[in-house]
Structures are given as C-alpha cells and as structure tokens.
Amino acid sequence: MNPQKSPLVRSTLVFDGDCGICRYWVDYWRGLTGERVVYRPYQEAAADFPAIAPAEFRHAIQYIEPNGDVHSGAAATFRTLREAPGRGAWWLLYAHVPGFAPASEWTYTFFSRRRGLLNRISKLLWGPKLEPERYELVSWLFLRLFGAIYVAAFASLGVQILGLVGSSGVLPLADFLDAARRALGGAAYRIVPTLFWLDASDTALVAVNHNGVWSVSASVRTGVHRYAFLVNGKQWVADPTAPRAAGDDFGQPSSALVVEGSAP
C-alpha cells in the first residue's frame, strides 16, 4: 500500500524493539543488507509514520520504501531480503508464484502469534546468534582440494603417458596428429588444439612432470652459461631464481648458470 509520501532516502524496516526474536532476525538481516536498509524499532519510529496505525506496528514488521510504499508481514521480510545480494529470488517467488504469498503470510501470522515457539525453533536450528554466512573456509578448502586433484591427475599421467600416447604406446600422439593434419589440413590446429603440435616426441611428452611443470633434462658443459626466458615470443626476461649475468652480447637481461667440475 501507499499511505503517504515519504522523504526517506533509503528503505526502512520498522520492527518491535521489545521482541527478542524480532531483534534476533533483524540483526541477521542487517548483516545481509548493510546500509541499504535502515532498521528502527517502532517504539521510537512510529511518530515518523503517522499514516501507519500503532496496532499495525505491533502486529507485524513494516517495510517503508523511499516512494512511500509500505509492505508488512512476510512481504516486508522478502522486500528486505531483496536488498541483500543473492536473496532477491524470495521476493520474485512472493510476487509471481501462485500460492506462495498467501502461504507465506499464513506462516508469518502463525509464528507472530507464537513468538516463543519461533524463538525456540530459531535457536535450535541456528544457535543463540544468527549471522550471515561466510565462505572463507569453504573457499580455502575447495581451492586446495581442487589443486590436489590436479596434482593427482598429473602424477597419474606421468607414469602412463608413454604407454598411452608415446611412440610405442597404444595410440602414438605423433601418428594421431600427423593423421589429423593430413585429414583436416590447416584446420587441424583449430579443431585439435594442443601444444604438442610443436613437438610430439617422447621427450616432450615426459616433459610434463608430476607437478604439471614443463621441464627437460640436458647435458651442460662445465663453465658459466648465460640464458634467459622468451615470453610471448617477444620479450626476453632473466630467471628470477638464478644469479644475474654480468653482461650479455645481445644487450638483454640474462641469468648465469655455473656448472662446476672437470670438463668432459
């Protein structure tokens, strides 16, 4: 309804400040909506809304919007939740699903007349203080379990890859890619995208170690060797984990690899 025009900047939820279970749920909604909704007990707010009868404040919570529209009871609950991120579906159900609104209002009326029962149920299900859900622990655990799955996958691949797609494996990858190139022509690189187009040899296949890091072993002579990484085919960068070389013939940053011992 729209009993009056209001100068409100934000929506206001007016509740019974003497009702413990009302404060219990209001504290929870305040945590969800933040500053998007103003919460006031009717004992001190009723005078600011003379168009709403005092009995209405005692009967149900009142949600007053900046344009003056007022919702009470279950409707006020769902309008409040509409201001909480990810909770707007409740108002859509109330407004558009047949039967949802009257069922919600009946439930609200039932518990508003039995606040002691609602208090016992709420604290049995959610404890003495209901707080907005937090997902830090779940996110932390999910990311690490997800990483563990990748480690397990690469570890399994590392001991099977040559037997599966190596040069003497069940389906040699080099033969497969060669057949794809002959059948599809230039489109093969788009239809069968893989880094192994660059090199499908057994050495390249086993270059993916158990941690999913590309590596290749090679013999290096004794002495000091300069090297760098080519990024995106354009920029040379030094190895951040190795000592920097004193200089470079090409004027690019490079790192030094020192191999000690007698020359082969």
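Whether a residue is outside any strand (DSSP E or B), at pLDDT 80 or above and under 26 Å from Gly147 (Cα atoms) was assessed, and Pro240 does not pass this test.
Filter the range 206-237 for residues that are at pLDDT 65 or above and assigned to a loop (DSSP other than H, G, I, E, B); which is nearest to Ala256 (Cα to Cα)? By that ranking, first place goes to Ala228.
Would you check which residues across the range 62-98 are assigned to a loop (DSSP other than H, G, I, E, B), out of contact with any Gly (no Cβ under 7 Å at 6 or more places or on another chain) and closer than 17 Å to Val26 by Cβ and list them? Correct list: Gly73, Glu83, Ala84, Arg87. Does the range 141-162 hold any residues that are exposed (fewer than 11 other Cβ atoms within 10 Å of the Cβ) and at pLDDT below 85, and which are they? The answer is Val159, and nothing else. Could you please give the count of residues in the range 40-74 that are surrounded by fewer than 21 Cβ atoms within 10 Å (Cβ to Cβ) and farther than 23 Å from Arg115 by Cα? Final tally of qualifying residues: 9. For Tyr39, the conditions (1) over 19 Å from Leu8 (Cβ atoms); (2) within 32 Å of the chain's Cα centre (by Cα) are fulfilled apart from (1).
The values are calculated or read from the model by the stated rules, or taken from the named source; none is laboratory data. Predicted, not measured: the structure shown is a model, and the values here were computed from it. Here Cβ is always computed from backbone atoms with ideal geometry, including for glycine, and neighbour counts include all displayed protein chains.
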